[in-house]
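K.L.:
Take a look at the following structure, please.
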Amino acid sequence: MRIIPAPPKAGKSSREPTREPSREPAREPRPTSPRPRRETVPVPADLRERALAFDAGYEEALEESVARAEAAEARVRADTGDVLAAEAARCAGVADGFAAGDAACRARCLRAAHRLRGTALGVASPQVARMAASLARLLAGAESRTPGALVAAHVDALRAAADGKADARAAETLARELEAAVAAVLARLR
Amino acid sequence: MRIAFENLSFVVAEDDPFWRRLTVAWLEAFGARSVRDTADGARALALMREAPADVVVTDWEMPGLDGIALTRALRDRAASPNPFVPILMLTAYGERGRVMRAMRAGVSGYLVKPVTPRAFYERLLAVLADTRPFVATPHYFGPDRSRPQALVLPQEA
């Protein structure tokens with residue numbers, strides 16, 4: 001393996017006009033604070049040497065690997081069943097009995113909402129992802145002043161959208177309304 | 001050029017079961033030699049201490065030790081089993097401030113969900129082919145992002 005270093009950054013050209021020496025009296029040099037200690041540490045090359053192989057073309061290797069991974073992904077999706085409804089039910093369970101004054105409860109709800117957002121993005125359910133993101137934004141922004149009623153509204157909407165009880169248009173309207181309500185609460189608290 | 005997955009071991013830390021299964025399935029389909037997975041950062045750190053993996057893939061939000069704390073623990077030169085280990089963060093957080101926080105913690109790469117296998121492969125390749133040194137300051141140990149990336153080519157015969 002050969003490493004071609006990146007070209008150095010362009011410095012000043014010799015054609016640049018030179019500044020005339022200043023006629024002002026020389027100033028006292030400013031006292032400089034000591035520069036923070038900074039050490040450059042070379043990375044051992046053994047991993048790179050093991051990790052990269054040059055026995056195949058880049059495009060060819062990429063396409064083969066991606067095709068295998070896409071087939072594996074299809075199997076995972078077939079096996080996991082209705083993962084979105086399960087995650088929405090989990091999030092609803094965590095949010096049941098939500099207490100805004102309990103920091104641990106808020107942290108659990110925030111993690112559950114964030115996790116649901118990730119799952120929704122994975123299974124291509126943008127409305128559920130928006131609602132979960134909206135709930136996470138509310139919990140992170142309002143903290144101990146989070147209105148319990150708005151948390152409950154998010155949970156109801158998430159359940160309906162994840163179970164397929166709300167069609168795509170209704171879910172989008174719900175998501176938009178929840179986002180607006182959260183924005184209003186956060187603006188009021190600021 | 002390709003990633004020689006047959007030579008590489010991975011630790012995957014992800015609390016979302018769907019994404020954990022998906023990430024493991026991708027890595028196994030790519031041909032990874034070994035993939036160990038866990039739902040929390042503390043267990044990921046324990047797995048690294050038992051037997052350091054070549055690459056760590058981590059979520060941000062996890063119970064207990066989150067992805068940022070895991071990254072900081074792995075970049076701790078005094079205590080880490082391998083402070084140079086490439087760390088790829090795979091998260092639903094895409095806000096600029098979050099990305100900057102992850103970079104300051106010392107991650108090698110950052111991917112925002114949803115992710116395709118192609119994007120995952122390409123990001124892994126970029127991380128593994130990174131030839132830049134690390135930099136150590138009182139508050140940071142990790143890739144030196146002030147330097148431009150070099151080009152990796154096969155050895156000439």
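K.L.:
Considering only protein heavy atoms and a probe of 1.4 Å, how much of the accessible area of the protein assembly as shown is carbon and sulfur, as a whole percent? Don't skip to the answer; put the middle values down first.
P.N.:
Working: 9440 of 18020 Å².
Heavy-atom surface of the protein assembly as shown belonging to carbon and sulfur, 1.4 Å probe: 52 percent.
K.L.:
What figure, in Å² to the nearest 10, do you get for the accessible area of A:Thr80 with a 1.4 Å probe and non-protein molecules left out?
P.N.:
Here the residue's solvent-accessible area equals roughly 40 Å².
K.L.:
Any chance you could check the Cα centroid distance between segment B:6-35 and segment B:77-110 for me, in angstrom?
P.N.:
Each part's Cα centre sits 18 Å from the other's.
K.L.:
Between A:Ile3 and residues 5 or more places away or on another chain, which pairs have amide H atoms under 5 Å apart, with H built 1.01 Å from N, and which residues are they?
P.N.:
B:Leu153
K.L.:
Computed on protein heavy atoms with a 1.4 Å probe, what is the summed buried accessible area for the chain pair B and A, in Å² to the nearest 100?
P.N.:
Numbers: alone 8450 and 14720 Å², together 18020 Å².
Rounded to the nearest hundred, the buried surface is 5100 Å².
K.L.:
Among DSSP bridges having both ends in the protein assembly as shown, what percentage is antiparallel? Round to the nearest 5.
P.N.:
Details: 12 of 28 bridges.
Bridges in the protein assembly as shown are about 45 percent antiparallel.
K.L.:
Show me, for segment A:164-180, the HN-Hα J-couplings you get by feeding each phi into the Karplus relation (A = 6.51, B = -1.76, C = 1.60, θ = phi - 60°), rounded to Hz, glycine and proline as x.
P.N.:
Listing the rounded values in order: x, 6, 9, 6, 4, 5, 5, 5, 5, 4, 4, 4, 5, 5, 5, 4, 5 Hz.
K.L.:
Would you jot down the residues in segment B:19-39 that end up with at least 20 Å² less accessible area in the complete protein assembly than in the chain alone, with a 1.4 Å probe?
P.N.:
B:Trp19, B:Arg21, B:Leu22, B:Ala25, B:Trp26, B:Ala29, B:Phe30
K.L.:
I've got another one for you. Could you order A:Ile4, B:Ile3 so the one with the most accessible surface comes first? Probe is 1.4 Å.
P.N.:
From most exposed to least exposed: A:Ile4, B:Ile3.
K.L.:
Semi-axes of the equivalent ellipsoid for the protein assembly as shown, please: Cα gyration tensor eigenvalues, times 5, square-rooted, ordered largest first, whole Å.
P.N.:
Values: eigenvalues 322, 180, 76 Å².
Sorted largest first and rounded, they come to 40, 30, 19 Å.
K.L.:
Using a Gaussian network model of chain B with C-alpha springs under 10 Å, which one of B:Ala78, B:Ala13, B:Ala69 is most mobile by mean-square fluctuation?
P.N.:
B:Ala78
K.L.:
In addition: Which residues of segment B:72-116 bury at least 50 Å² of accessible area once all protein chains are present, versus their chain alone (1.4 Å probe)?
P.N.:
Residues passing the criterion (a loss of at least 50 Å², heavy atoms only) are B:Phe84, B:Ala92.
K.L.:
Another question, if that's okay. How big is D for segment A:83-189, in µm² s⁻¹ as a whole number, if Stokes-Einstein is applied with the Kirkwood radius of its Cα pairs at 10 °C and 1.306 mPa s? Walk me through the intermediate numbers first.
P.N.:
Values: Rh = 13.2 Å.
Rounded, D is 120 µm²/s.
K.L.:
Binning at 5 Å from 0, report for chain B what percent of all alpha-carbon pair distances ends up in each bin.
P.N.:
The distribution over chain B is 2, 9, 19, 23, 22, 15, 7, 2, 1, 0, 0, given as percents.
K.L.:
Also, I was wondering about something else. Just to be sure I understand the interface: list residues from segment A:111-125 that lose 20 Å² or more of accessible area between the chain on its own and the complete protein assembly, 1.4 Å probe.
P.N.:
A:Arg111, A:His114, A:Arg115, A:Arg117, A:Gly118, A:Thr119, A:Leu121, A:Gly122
K.L.:
With a 1.4 Å probe and all protein chains left in place, how much accessible area per residue does segment B:5-143 have, in Å²? Don't skip to the end; give the middle numbers.
P.N.:
Numbers: 4790 Å² over 139 residues.
On a per-residue basis, segment B:5-143 sits at 34 Å².
K.L.:
For segment A:83-189, what does the accessible surface come to per residue with a 1.4 Å probe? Please give it in Å².
P.N.:
Details: 4590 Å² over 107 residues.
Accessible area per residue: 43 Å².
K.L.:
Report, for segment B:24-157, the % of DSSP beta bridges that are antiparallel, rounded to 5.
P.N.:
Numbers: 4 of 11 bridges.
Here the share of antiparallel DSSP bridges comes out near 35 percent.
The values are calculated or read from the model by the stated rules, or taken from the named source; none is laboratory data. Keep in mind that what you see is a predicted model, and the values were worked out from it rather than measured. Remember, those area values only see protein heavy atoms, side chains included, never the ligands or the DNA or RNA. Shrake-Rupley method; radii C 1.70, N 1.55, O 1.52, S 1.80 Å.
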